[in-house]
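Below you'll find the structure, written out as structure tokens, and then a few comments.
The values are calculated or read from the model by the stated rules, or taken from the named source; none is laboratory data. As the structure is a prediction and not an experimental result, all values here were calculated from the model. Methodologically, a virtual Cβ is constructed for each residue, glycine included, from the backbone with ideal geometry; neighbour enumeration extends over all protein chains shown. Just the protein is used for accessible areas: all its heavy atoms, side chains included, with ligands, DNA and RNA removed. Shrake-Rupley method; radii C 1.70, N 1.55, O 1.52, S 1.80 Å.
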Amino acid sequence: GHCYAAKLPGKRILHLMYCEYEYWVRDKVHQGIGSMSAGPEWQRFIDARLGIMRRSGVLPDDSVKKRVFEIGCSEGIVLHELQRLGHEAEGCEMNKAIVDAAAQHLKVPIHT
């Protein structure tokens, strides 16, 4: 399950955000992603996730800085981008191997 501190997004938004989240294992090559390091191969993925957050009202305006905690953040590339945009962002991930690898590349706060 998921816990939201703000208004719960609708089923359509939740489906868009979480329906294919196993991308790291299954779809990274399909998406053109070959590394955990932030780089241009991630841009389509990041744009899609931030677009969902903007359309759902989670990030209505980049001028308003938010505190974001992402549950199930995998390697933390969205957290990395949110920090780059000036937001305060951290997350949690169950897969310690991914968190350990991400710590070397993205340097974002991820709790296991």
Looking across the stretch 39-77 at residues that are within 22 Å of His111 (Cα to Cα) and of a type in the set (Gly, Ala, Ser), the single one that is modelled with the highest pLDDT is Gly76
Filter the stretch 43-74 for residues that are aliphatic (A, V, I, L, M) and open to solvent by 50 Å² or more (accessible area, probe 1.4 Å); the one that is farthest from Lys11 (Cα to Cα) is Val64
The correct count of residues that are within 14 Å of the chain's Cα centre (by Cα) and closer than 12 Å to Met36 by Cβ in the stretch 92-106 is 4
Practice problem: Answer yes or no: is there a residue in the stretch 28-38 that is loosely packed, with under 13 Cβ neighbours inside 10 Å and assigned to a strand (DSSP E or B). | Solution: no
Residues of the stretch 50-85 being among the basic types (Lys, Arg) and touching an Asp or Glu at 6+ places or on another chain (Cβ under 8 Å), in sequence order, are Lys65, Lys66, Arg67
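Only residues that are of a type in the set (Lys, Arg) and either at positive phi or open to solvent by less than 30 Å² (accessible area, probe 1.4 Å) (or both): list them for the stretch 75-112, please.
Of the residues in the stretch 75-112, the ones of a type in the set (Lys, Arg) are 84, 96, 107.
Across the stretch 75-112, the qualifying residue is only Lys107.
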Reported set for the stretch 78-104 where residues are among the acidic types (Asp, Glu) and either modelled with pLDDT under 90 or part of a helix (DSSP H, G or I) (or both) is Glu81, Glu93, Asp100
